[in-house]
Amino acid sequence: MYGSSAFFCFVLVLNLVFTSAIQVSHTNRAITIDGQPRILLSGSIHYPRSTPQMWPDLIRKSKEGGLNAIETYVFWNAHEPIRRQYDFSANLDLIRFLKTIQDQGLYAVLRIGPYVCAEWNYGGFPVWLHNLPGIELRTLNSVFMNEMQNFTTLIVDMVKKENLFASQGGPVILAQIENEYGNVMTPYGEAGKAYVNWCASMADSLKVGVPWIMCQQADAPEPMINTCNGWYCDQFTPNNPNSPKMWTENWTGWFKSWGGKDPHRTSEDLAFSVARFYQLGGTFQNYYMYHGGTNFDRMAGGPYITTSYDYDAPLDEYGNLNQPKYGHLKQLHDALMSIEKPLVSGDVNTTDLGNSVSITKYTTKEGSACFFSNANVTNDATVSYNGKDFKVPAWSVSILPDCQTEVYNTAKVNTQTSVMVKKENKAEEELAALKWLWRPENLDATARLGKGQVSANMLLDQKAAANDASDYLWYMTSVHLEKADRIWSNDMTLRINGSGHVLHAFVNGEHIGSQWASYGIFTYFMERQVKLKPGKNIISLLSATVGYQNYGPFFDLIQSGIPGPVELIGRNGDETLIKDLSSHKWTYEIGLHGFENRLFSSDSRFAAKWQSENLPVNKMMTWYKTTFKAPLGTDPVALDLQGLGKGVAWVNGHNLGRYWPSFIAEEGCSLDPCDYRGAYDNKKCVSNCGHPTQRWYHVPRSFINDGDNTLVLFEEFGGNPSLVNFRTIGMEKACAHAYDSHRLELSCQGRQISGIAFASYGNPLGSCGSFTTGECKSQSDALKIVENLCVGKESCAIDVSEATFGATDCSTDLVKRLAVEALC
């Protein structure tokens, strides 16, 4: 499409060979690699949010999608869960991940942080930091800085030992210290400014041989390069005139929270943001996320971030191509790389045509490349240039590598839409009736007797009491009352000030109620009727965190657990008496017995003590176990937990993360198609209102054995496991609505195209699943032509033109299109 020289440039970028030291520096126009200024197209993949078995495929697809770099955070709390005890095993094998990037011939961007945000538990900080005497996080505090320097140095030394920095011949071309501190810095005052300077000095002293970046840090001290994060960064200017214009996080979608809607960002708008950035001098752009993945185990932060971290990224949670986003961006990357030289070294001239329309021309001795931009939200534009008229839709950018021929427009999607479906597990004929075993969680010692390990005459923050060893922490106390006490009445309540996480209340072993909040809510009052007995009464409160806060100034100090007060309230007529229990002796117990006894593991010494009779449903604090056969094939596997409440799921001992299908997403979705035009935010294009926030849970193939497998559920709220089943995810069909004079590629992603349900060339109407022939069409039978080109093949390419489909009876001013619905 772009000529042989452009294709040659593209191939060179994507077949990097790491053999000797690579000099990485920068000018005010670009990152330079061995003296050559480069356009860098990067995508975030977080190694703990997938598995080592998935990494090669994810990185290969990233490369095939036109990326030349992979960006990742480093997750301190995952690697150092206990002070000076480190874990780099399995999906935490950072070095293996970087070497996988290297094996694919791509560059790497290492965002050490070590604060990461990332909707990750506690922002990536280990909770034991919070409990060190005298510590203050992310400020000029020697205790914190010593710990931060220790971990940062550990990571740098590990990467150096394996020769993975570009200065050693490795793939890592950029490193990051801190993260978005400028967004929250003001409340930290002068100590915050001094901390930023210390971060820069400390990082620079590690001598990694590649540039350091600081994102969202407008006062980043030299030699740090400050970079931009956001939906749009075309107007960003680095604070140092000698620094290149870099975008470390272009948000491809948004995260999801329990009770929240599913956010989507259109392919057209995302492509528009990227094209505008490079039109206006950008040199490095990273998609956050390119693959979002899964918050396994207790990774999710928030609080209330879902287990799925799909992010509407170009590669979906399961690793499938998210079409059309993936393909539309791939075509953009091809266009950008075809003009790499003028972008990084050409003379630049921008002409403002008014009404938010502009032309930017990059010129070298070899020729010129142009961007035609129309940032108007509603009106299409006609750009007259060198005697030709070009139609530029509203909120779009056209790329013309020779300033004469448009090869790409961000609003014109010429990529298929892949319709993915969840298919039954063919390995199990009896799938609908998995045979379940069960056992209750033992609450005797805690809910009924109030026994724990430690005690204090105060309510403790859960971070201090549990040190992040579990979501669950028991707060237990006793109160002695007689009927003669003034507070005694037939109208007594227990009122608890909670921190916004989940709270279950028990009195004398009886459950009196539960309460929770939603994303962004940090406190609530729970009040329930209680019936006490004369004498000693046991009050047991079970706090269940849903991920610790991960963002904001002093986010580490936001309370978790039960901050109090906890009050007993008695009402006699007009008289109300309150007994504050907050300063009573409280006993604490971390976790639940089933977790301590590892009921989710086959090697648990309690593994045999399960029951098969009288299977309970809708009973809180219940464990369930079943076996299943591995789903046939190689397609990704999803676990359907419809019918359950809230809890945790394990497959063969692997923790899939928290589940909560009973949390229904809020209302507020529109039935109208999403309009890509105009500035995007995470509330603009949403779906899934009124349905379970997350019904399906990713089970990586590497978690599944060839023979029998075990699924264990801990049901915290109470649910019915009878509907639980496994499905595989594959393509049902591919649809496209491509523009004339473009090449349409159709693929069933590993399956054959079995048929063509619809094809029309002219002005077909409708959308996938409801296409109809328009007022004009080709004289030849488009359906037969597409069938001959595609049926029986895994993929096919179609030139959308009259040369393929014959003449049409369309008017000459109509832009012809091809609509196709292909079955897989």
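The values are calculated or read from the model by the stated rules, or taken from the named source; none is laboratory data. Since we're looking at a predicted model, the values are computed, not measured. Here the Cβ is made from the backbone with ideal geometry for all residues, glycine too, and neighbour counts use every protein chain on show. Each accessible area value is taken on the protein alone, full model and side chains, heavy atoms only, with ligands, DNA and RNA left out. Shrake-Rupley method; radii C 1.70, N 1.55, O 1.52, S 1.80 Å.
Based on Cβ point charges of +1 for Lys and Arg and -1 for Asp and Glu, what charge dipole magnitude is obtained for region 740-823 about its Cα centre, in debye rounded to the nearest 20?
Values: 7 positive and 11 negative charges, 46 e Å.
The calculated dipole for region 740-823 is roughly 220 debye.
Using only DSSP helix segments of four residues or longer, with each worth -39500 (n - 2.57), what per-residue ellipticity at 222 nm results for the chain after dividing by its residue count and rounding to 500? If you can, show how the numbers build up before the last one.
Details: 13 runs with 126 residues, N = 824.
So the calculated ellipticity at 222 nm is -4500 deg cm²/dmol.
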Can you pull the Rg over Rh of region 740-823, Cα-only, Kirkwood? 0.96
Sorted largest first, the C-alpha extents of the chain along its principal axes in whole angstrom are 98, 62, 56
Taking only pairs that are 8 or more places apart or on different chains, how many Lys pairs in region 112-252 have Cα atoms under 24 angstrom apart? 5
Roughly how far apart, in whole Å, are the Cα centres of region 272-329 and region 111-146? 25
So how exposed is GLU589, as accessible area in Å² (1.4 Å probe, rounded to 10)? 30
Calculate I(q)/I(0) for region 6-152 by the Debye formula, one identical point scatterer on each C-alpha and no solvent, and give its log10 at q = 0.13 Å⁻¹ to two decimals. -0.70
Taking 2.2 N^0.38 Å as the expected size of a compact globular protein, what ratio does the Cα radius of gyration of region 115-235 give against it, to two decimals? 1.09
Compactness summary of region 398-485: radius of gyration and Dmax from Cα atoms, Å, are 30.7, 94
Give me the log10 of I(q) over I(0) for region 574-638 at q = 0.15 Å⁻¹, as the Debye formula computes it from C-alpha points; what are the numbers? -0.80
Reachable lysines from LYS793, criterion Cα separation under 27 angstrom, eight or more residues apart if same chain: LYS61, LYS63, LYS325, LYS330, LYS412, LYS422, LYS423, LYS426, LYS733, LYS777, LYS784, LYS816
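Take each of the peptides 731-741, 356-366, 524-534, average the number of other beta-carbon atoms within 10 Å over its residues, and list them starting from the highest.
Values: 731-741: 20.8, 356-366: 16.7, 524-534: 14.9.
Descending packing order for the listed peptides: 731-741, 356-366, 524-534.
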Excluding residues fewer than 8 positions from LYS579 in its own chain, the lysines with Cα under 23 Å of it are LYS451, LYS483, LYS531, LYS533, LYS536
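With a probe of 1.4 Å, find how much accessible area region 338-487 has per residue, and write the answer as a whole number in Å². Let's see the in-between values first.
On the way: 7130 Å² over 150 residues.
I get 48 Å² per residue for region 338-487.
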List, largest first, the extents of the alpha carbons of region 348-413 along their principal axes, each in whole Å. 37, 25, 20
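Within the accessible area of region 740-823, what % is carbon and sulfur when the probe is 1.4 Å and the other protein chains stay in place? Working shown, then result.
Working: 1890 of 4210 Å².
Using a 1.4 Å probe with all protein chains present, region 740-823 comes out at 45 percent carbon and sulfur.
Convex hull volume of the Cα atoms in region 273-384, per residue, in Å³? Intermediate values should be presented prior to the final figure.
On the way: hull volume 16.6 nm³, N = 112.
Hull volume normalised by residue count: 148 Å³.
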Mind listing the long-range amide H neighbours of SER662? Cut-off is under 5 Å, sequence gap 5 or more, other chains count too, H placed in the peptide plane at 1.01 Å from N. none
Please label the shape of region 613-708 as rounded, prolate or oblate, based on the square roots a ≥ b ≥ c of the eigenvalues of the alpha-carbon gyration tensor (a/c under 1.5 means rounded; beyond that, a/b larger than b/c means prolate, else oblate). oblate
Rounded to whole Å², per residue accessible area for region 39-322 with a 1.4 Å probe reads 26
Excluding residues on the same chain fewer than 8 positions from LYS435, give the aspartates and glutamates whose Cα lies under 15 Å from its Cα. GLU613, ASP708
Of all accessible surface on region 39-322 at a 1.4 Å probe, what whole percent is carbon and sulfur? 48
So, with points 7 Å from each Cα along the Cβ direction, the CYS674-ASN788 label distance in nm works out to 3.9
How far, in degrees from 0 to 90, does helix 4-14 lean away from the longest principal axis of the Cα atoms of the chain, to the nearest 10? 20
One quarter of the convex hull surface, Cα atoms only: what value does that give for region 450-589 in nm²? 8.7
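In region 680-722, which trypsin sites (Lys or Arg not before Pro) fall in coil by DSSP and have 11 or fewer other Cβ atoms within 10 Å?
Within region 680-722, the qualifying trypsin sites (Lys or Arg not before Pro) (loop, at most 11 other Cβ atoms within 10 Å) are LYS683.
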If I fit a long axis through the Cα atoms of helix 189-205 and take the longest principal axis of the Cα atoms of the chain, what angle between them do I get, 0 to 90°, rounded to 10? 60
Principal-axis tilt of helix 55-64 within the chain, Cα atoms, nearest 10 degrees: 30
Roll a 1.4 Å probe over the protein chains and send me the accessible area per residue for region 750-794 in Å². 53
Centroid-to-centroid separation of region 709-742 and region 189-226 [C-alpha atoms, Å]: 44
Rounded to whole Hz and in sequence order, give me ³J(HN,Hα) for region 773-780 from the Karplus expression 6.51 cos²θ - 1.76 cosθ + 1.60, θ = phi - 60°, writing x for Gly and Pro. 5, x, 6, 9, 7, 6, 6, 7
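Using only the alpha carbon atoms of region 39-322, find the Kirkwood hydrodynamic radius as the inverse mean reciprocal pair distance, in angstroms to one decimal. Please list the in-between numbers first.
Details: mean 1/r = 0.0527 Å⁻¹.
For region 39-322, the Kirkwood estimate is 19.0 Å.
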Taking H placed 1.01 Å from N in the peptide plane, check which residues at least 5 places from ASP312 or on another chain put their amide H under 5 Å from its amide H. TRP254
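Can you give the Rg to Rh ratio of region 321-386, both from alpha-carbon atoms, with Rh computed by the Kirkwood formula? Please list the in-between numbers first.
Numbers: Rg = 14.2 Å, Rh = 13.6 Å.
Rounded to two decimals, Rg/Rh equals 1.04.
Sorted by packing (mean other beta-carbon atoms within 10 Å per residue), highest first, where do 764-771, 808-815 land?
Listed from highest to lowest mean packing, they are 764-771, 808-815.
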With θ taken as phi - 60° and the coefficients 6.51, -1.76 and 1.60, list the Karplus ³J(HN,Hα) couplings across region 582-598 in order, rounded to whole Hz; mark glycine and proline as x. 4, 9, 5, 6, 10, 9, 10, 9, 8, x, 10, 4, x, 5, 4, 8, 6
If you roll a 1.4 Å probe over region 348-413 with all protein chains in place, what percent of the accessible area is carbon or sulfur? 46
